[in-house]
Amino acid sequence: MSFDIALSAEQLDFRDEMRAFIEAHLPDASRRGVELNVASMFEPEISRPWHGVLHAQGLAAPGWPVEHGGRGWDAVQQYIWRMECWRARAPAISPFGMRLVAPAIMTFGTEAQKAEFLPRLLSGEDYWCQGFSEPGAGSDLASLRCQAKRDGDHYILNGTKLWQTHAHHSNWMITLVRTDDGGRPQEGVSCLLVDLRAPGVTIRPIHTIGGDHEVNQVFLDDVRIPVAHRVGDEGQGWAITKFLLEEERRSAGNAVGRLRYSFGGLLRLLAHEPGRWGVPGVEARVGQIAVDLDALEMVDLGQLLNGAEAFDASLMKLRASQLEQAISEAAVLALGRAALRWEPVRPLEMLSLPDVALEALAVVPRHLNGRARTIYGGASEVQLDIISKTYKNN
Amino acid sequence: MNLRYNDEQVMLSDSARRLLADRVDFTTRAAVLAGEAGFDRALWREMAEMGWLAVPLPERDGGLGGDPADIGVIAEAMGEVLAVEPFLTSAVLGAGVLSALGDDAQRQPLADAVSGELILALADDEAGGLTGSTVSTTAVRAADGWMLNGVKPVVPGAAAADVLLVSARTESGVGVFCIPRDAAGLTLEPVALLDGVRGADVTLIDVRAAGAALLGGAVDVRGRLDAVIDQAVIAACFEMLGGLSVLMRVTHEYCGARVQFGRPLSAFQTVRHQLAAMAVALEEARAAARLGAIALNAQGAARVRGVSSAKAKVGRSARLISNAAVQLHGGMGVTEELNVGAYLKRALSFDLQFGAVETHELRVAALVRSDATPFTQAMMCGQERAA
């Protein structure tokens, strides 16, 4: 058969080897934390223990080149690894560090920056957040106003960033700032690595409707950042951002892996109470979700094998976020009246209740937090704009 | 792992599309449909000469042993031009049933099917249901063979068929009988299907069939018959993709050309977003069809999952794309004169045959309910080693 998604014997061996490793080393507390997670990212207390295990085995960033501490795995191996991690409900580790900072430094950074930051990123000693958005610059990121004024071999930063996930856990922030006011908005943007312990940095929590504190506002008042912590040239920030978006396109597997895990959560919920499958609309929704997810996984595999361009990345972001919402909504529906019960304690595993009860209490917070999925990372409307400009017509 | 067409398939696609673009014209479609056969017999002969009718059949029956992707290439090319020649009903489904169920003697006529001289049609499903075809037609033992009674309404491809393959209940289960169109007691009442193609209401009143007309003898063939129907379902999915890609292209072009309020329609974001939603739906439908093609190699739950996912997803995408195409063409979209409405009708016809979107989604839901594991991990996680 010409079309084929079967793994080769070597790939199956690799898969089974990784599965056995994860089974043997994933801390139970991390797995449980993932199952009961209601927020968009996993808390460091869930991901750090796993990060430590991986780092000890040289597996913290297996896609990195060997010279930086990776395994130099190819795209399919990385894909298999990601899917096995999601299957086992292992937490994603340091996502901003791995997906943003590492590619930015490896491609645009100086040797000194690579030597300084990559090892601590790899070990988990540094925990990163993303300082891009601002109160006045969400979808329109180029209108950012945070200023970086040159003063000798430092920049002085003034301004505020918004929606920094886990800034309150982080010691570093990768930031886009304005180093030049002239020209088009994109032209004066530079990329800086900001030490969040520097004087002048204030982090204010933002509480969201799911009852969680994940995101923050970061205030920068005369914060001094060494020029040596600028990544790339002055004015190259926008190009770096576009490069990072392209890098993101090449990391197939995450969105679909996460969807399988989310779908698994819904199905576990349905299995706990026999009546839930019979709630009107639930079976039909489960069928539609299953079909949509199969199609999206096939799209993902196509991108893995045949490459991904802007259209493909936007499609994946748009549809994965919509499917996550379809899953969370089906869970709320299945729970029915019981979903009215609200539990404010976080994390949920702090409560002395059986897991079956905790999984039910997680449904509504997860659904409410999940409304942000179609907003962050490029809102659905933005993705549709991109898709409308990039779809091919043959 | 591969999700690309190979060089031969690309060549086949190019040559098929070139031939069909040259021979099939929307402006003459109505005349062809109203003609003697309801399709272009000259084109059918050319398709046979090109070897297309041999692609779905195994070499032992004079075929080329094509796989679902090869069949899909031809089907997709036909779908692009809304071709009405009976490739799906005769070459894929009818001939496929004869090939899969018949013994050596019963399969002899397949040579004539490959050459285009013999048109076959399967008359099976009577009402459609959640678990597949509904068959009430009966076959009871009679002198020298069997006697068949029943009704097969709205059978696609039957009006011009030389031989009908009729499913009926025997004492052993479901059997398939070869009934020539001129058999006594058999009535073929031509009916127009909603997309213009000609089908037939088939009625059997005391139709006699020899023992040798029962394909493969007196055993239940429901499972094997369904396996051939699965092949046709996937071929139909690829045919639908052809139509959907044309709708995408013509709607994109129209929105770029049609000026209202001093600007082309695509200057308006809401129009661009509808086009984007169409493009997303098409990409997902393509991916689902490939899963269906791959699943034809599998058995049991894996096969049902892939085939049903394909039929459901292509169907849902077809609804979105064909409805949006009409919408974006404004008043012209609902005229007979424009081809867009004809593609909408084909999308409806696609959905109504072999189980609609909701039927297949519920079929998949039943699989999920009975065993959740394959759905809680990536497909590659569930793969096992070849024995």
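None of the figures in this text is laboratory data; all of them are computed from the coordinates on show. Since the model is a prediction, treat every value here as computed from it, not as a measurement. All Cβ positions, even for glycine, are placed from backbone atoms using ideal geometry, and neighbour counts span all protein chains on display.
Of note:
- Length-normalised contact order for chain A - Cα pairs under 8 Å, 6+ apart - percent: 15
- Mean-square fluctuations from a GNM of chain B, with a 10 angstrom spring cutoff on Cα atoms, peak among B:Val368, B:Val191, B:Val176 at B:Val368.
- Within straight-line cross-link reach of B:Lys345, lysines at Cα separation under 19 Å, skipping those fewer than 8 residues along the same chain: B:Lys311, B:Lys313
- For B:2-11, mean number of other protein chain Cβ atoms within 10 Å: 3
- Set of lysines with alpha-carbon distance to A:Lys114 below 23 Å, sequence-local pairs under 8 removed: A:Lys242
- Largest-first ellipsoid semi-axes for the protein assembly as shown, taking √(5λ) over the Cα gyration tensor eigenvalues, angstrom: 55, 29, 23
- Crossing angle, helix B:222-257 versus chain B [Cα axis fit, 0-90 degrees, rounded to tens]: 20
- Whole-number D in µm²/s for region A:282-348 (Stokes-Einstein; Kirkwood sum over Cα pairs; 20 °C, 1.002 mPa s): 153
- Choice from A:Met18, A:Met98, A:Met350 showing the highest fluctuation, given a GNM over chain A with Cα pairs closer than 10 Å: A:Met350
- For B:Ala123, residues with placed amide H under 5 Å, excluding near neighbours: B:Leu165, B:Val166, B:Ser167
- The tail of the calculated P(r) for region A:65-189 beyond 26 Å holds 33 percent of all Cα-Cα pairs.
- Loop-located trypsin sites (Lys or Arg not before Pro) in region A:341-380 (DSSP state not H, G, I, E or B) with no more than 14 neighbouring Cβ atoms inside 10 Å: A:Arg341.
- Residue among B:Arg181, B:Arg208, B:Arg272 with the largest mean-square fluctuation in a Gaussian network model of chain B, springs linking Cα atoms under 10 Å: B:Arg272
- Here, P(r) means the percent of Cα pairs in each 5 Å bin from 0 to the largest distance; for region A:1-97 it is 2, 13, 22, 24, 18, 11, 6, 2, 1, 0.
- Here region A:149-306 has an Rg and Dmax of 22.1, 69 Å, counting Cα atoms alone.
- All Cα-Cα distances of region A:227-309, cut into 5 Å bins from zero to the largest, leave 3, 12, 15, 14, 11, 10, 9, 8, 7, 4, 3, 2, 0 percent in each bin in turn.
- Rg to Rh quotient for chain A, alpha carbon positions, Kirkwood Rh: 0.96
- Chain B, relative contact order in percent, only Cα pairs under 8 angstrom and at least six apart counted: 14
- Against chain B, whose longest principal axis is taken from its Cα atoms, helix B:68-80 shows a tilt of about 60°.
- When you filter the GluC sites (Glu not before Pro) in region B:297-377 for DSSP loop state and at most 13 other Cβ atoms inside 10 Å of their Cβ, you are left with B:Glu336, B:Glu337.
- Per the Kirkwood formula applied to alpha carbons, region B:285-387 shows a radius of gyration over Rh ratio, Rg over Rh, of 1.11.
- Take each residue of peptide A:1-14, count the partner chain Cβ atoms within 10 Å of its Cβ, and average: the result is 6.
- Equivalent-ellipsoid semi-axes of region A:134-236, from the Cα gyration tensor, Å, largest first: 24, 16, 10
- Three-way shape label, chain B, alpha-carbon gyration tensor, a/c 1.5: prolate
- Cleavage-rule hits (trypsin sites (Lys or Arg not before Pro)) in region A:192-237: DSSP loop, at most 10 neighbouring Cβ within 10 angstrom: A:Arg197
- Candidate lysines - alpha carbon under 19 Å from A:Lys149, same-chain residues fewer than 8 apart omitted: A:Lys161
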